[in-house]
Amino acid sequence: MVGTNEGIKMSAYYCTLYFKILNFLYNEAKLLDSRQFLEWISLFADDARYIIYAIPTVKKGQNDQRIILSHDNKSTLMMKMRRLTETYSWSENPYSRTIRVVSNVMINDVKNNLVNVSSNVLLIKNRNGISDYIVARRTDILLFEGENIKIKHREVELIEYPLPYKNVNLP
């Protein structure tokens, strides 16, 4: 109902919610790009799920099939991030320099304190003078606990598959 006080309140509510979500996602990208992996883990709810998959390009008439590449919970994410920070982590020695670009952020649904959000991510990774690009679609279920936001569920669909990279070990 455009023009009513109720419509203005809803609009203000969604604008505030949208900017909180944008700030959260941008801060998350900043934590990852600055290799603050353990701080990044603190953005996840204790019962969080993190799934990375790809859908290979198929010919017309064939069914799309998800290939699950990773299915983690908070504790397995913590284990992976600790490994990345160890000095003996050969796959990240020297460290990759990264930039994440988060775009096309959309609020899909709001139910109580859970918000379904979709976004696109471009990850640019440079190591030893070689740049790799990873493009993905994300769907998040964000849990609002007072002023805090936690990632309850994340699905990442990699656009390019099979991946042409030697190693992909960054979140």
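Readers should treat all values here as calculations from the given coordinates under stated rules, not as data from a laboratory. All values derive from a computational prediction rather than experimental measurement. Glycine also receives a Cβ, built like all others from the backbone with ideal geometry; neighbour counts cover every protein chain displayed.
Please work out how much length the chain gains when fully extended from residue 118 to residue 104, using 0.36 nm per residue of separation minus the C-alpha to C-alpha distance, in nm with one decimal.
Fully extending the segment from residue 118 to residue 104 adds 4.3 nm.
Starting from the Cα-Cα distance between residue 13 and residue 161, subtract it from 0.36 nm times their residue separation and give me the gain in nm to one decimal.
Net length gain for the segment: 49.4 nm.
Beyond 24 Å between alpha-carbons counts as too far, so tell me which of 80/125; 125/150; 20/125 fall in that bin.
125/150; 20/125
Please list 37-44, 130-137 highest first by mean number of surrounding beta-carbon atoms within 10 Å per residue.
Most protected by this proxy first, the peptides run 37-44, 130-137.
Rounded to the nearest 0.05, what FRET efficiency do residue 58 and residue 147 give with R0 = 30 Å and r taken as the Cβ-Cβ distance? Could you check?
Efficiency for this residue pair is about 0.10.
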